[in-house]
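K.L.:
Got a structure for you, written out below as structure tokens; questions coming shortly.
Each reported figure results from applying straightforward, stated rules to the coordinates on display, with no laboratory input. In this text the structure is predicted, and so the values were computed from the model without any measurement. Note: ideal-geometry Cβ built from the backbone for every residue, glycine included; neighbour counts use all protein chains shown.
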Amino acid sequence: MANLNVAVVSVDRKVWSGEAKSIVAKTPEGEIGILPGHEPVLSLLVNGVVRVETIDGSKISIAVHGGFFSVDSNEVKVLAEIAELGTEIDTNRAQTALTRAQGVDSPEALAAIHRAETRLKAAAAATATGLHS
């Protein structure tokens, strides 16, 4: 069975790349799961956790904040505005940002809340299952 070749990059760095059994990402239409042989896809990404299952069964969680997602011939590219491995996230800093933003009523504060919540979800997923980058 073929594998997926996955690359997750943000504007400033390559976050993760490798072979995978599957990947799940959040689009404006909802979550999309990709397995080898999937038809071509091009979609926007919304704030969410991208979940990758590697060929050895390891699970990777990546906080993604906007960008694009493409699939073609078992090549999956996640081009994110901001992306962080769940294992890299400072949960204290994310919780502080969430608490600070919750006290403000503005579009910027709402965006900050969504970013902090996504970061905390990715970090929790990495911690709960002992995920490694």
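K.L.:
To the nearest 10 degrees, how steep is helix 107-128 against the longest Cα principal axis of the chain, on a 0 to 90 scale?
P.N.:
Around 60 degrees separate the two axes.
K.L.:
What order do you get for 89-99, 30-40 when each peptide is scored by the mean count of other beta carbon atoms within 10 Å, highest first?
P.N.:
Values: 89-99: 14.7, 30-40: 12.8.
Descending packing order for the listed peptides: 89-99, 30-40.
K.L.:
Ordered by residue, what ³J(HN,Hα) values in Hz, to whole numbers, does the range 60-71 give under the Karplus form 6.51 cos²θ - 1.76 cosθ + 1.60, where θ = phi - 60° and Gly and Pro are x?
P.N.:
10, 10, 9, 6, 10, 10, x, x, 10, 9, 9, 9
K.L.:
Taking the simple approach of a point 7 Å from Cα along Cα-to-Cβ for both Ser43 and Val9, what is their distance in nm?
P.N.:
2.2 nm
K.L.:
If you fit an axis through the alpha-carbon atoms of helix 91-102 and take the longest principal axis of the Cα set of the chain, what angle between them do you get, 0 to 90°, nearest 10?
P.N.:
60 degrees
K.L.:
Please give the length that would be gained between Ala128 and Thr99 if that part of the chain were fully extended, namely 0.36 nm times their separation in residues minus their C-alpha to C-alpha distance (nm, one decimal). Walk me through the numbers before you get to the answer.
P.N.:
Working: separation 29, 0.36 × 29 = 10.44 nm, distance 2.25 nm.
Length difference between fully extended and current span is 8.2 nm.
K.L.:
Roughly what would the spin-label model give for Ala111 and Glu75, points 7 Å off Cα along C-beta, in nm?
P.N.:
Label-label distance for Ala111 and Glu75, simple model: 3.1 nm.
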